[in-house]
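Below is one structure; the comments refer to it alone.
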Amino acid sequence: MQVVSPLSAGQLALEFLMNEWNVSEMDQEWFSVLNTKSIATSSIVEIGVEGYPDRWFIQVYDTHECDPSYTFHTPFKAMDSNTDLQELPESIAQILASERIAGCS
């Protein structure tokens, strides 16, 4: 089994998240890989939306599979879930608001 490089792990995680949320190609440019950390037989990839503190953490295994039970972290409380999203395309704002609400419950 070949170890997944940090660059490949980041790409796999980003593709996974874009497919998970059905993000259009045009809106995918808002997301970027912020960090990749290799641990044992997998990598943890941190993905964010430029200019926002929200983060997804996705585990990518050496099998090139992504763990569907990713972690989402946000500093916002549920009542503040959409206060700063006006500058984003509507689809991206909906994703962040939904994840923020789910993460706070």
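What the table below lists for this structure:
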item	result
Electrostatic dipole magnitude of the chain [Cβ: Lys, Arg +1; Asp, Glu -1; Cα centre; debye, to 20]	380 debye
Over the chain: Rg over Rh, Cα atoms, Kirkwood Rh	0.99
GNM flexibility winner over the chain from Ala13, Ala40, Ala93 (Cα, springs under 10 Å)	Ala40
Nearest-ten-degree value, helix 90-103 long axis tilted from longest Cα axis of the chain	80 degrees
Candidates per GluC sites (Glu not before Pro) in segment 1-97, loop by DSSP, up to 11 other Cβ within 10 Å	Glu25, Glu50, Glu87
C-alpha long axis of helix 6-20 to longest principal axis of the chain, angle in °	50 degrees
Percentage relative contact order, the chain, counting C-alpha pairs under 8 Å, at least six apart	23 percent
Residues with amide H under 5 Å from that of Asn35, placed H, sequence gap 5 or more	Glu46
Computed helical MRE - 222 nm, the chain, DSSP H runs ≥ 4 contributing -39500 (n - 2.57), nearest 500	-9000 deg cm²/dmol
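Quick note: the coordinates plus some simple rules give every number you see, no bench work behind them. Treat the numbers as computed from the prediction; the structure is a model and nothing was measured. Quick reminder, even Gly has a Cβ in these numbers, built from the backbone with ideal geometry, and neighbours come from all protein chains shown.
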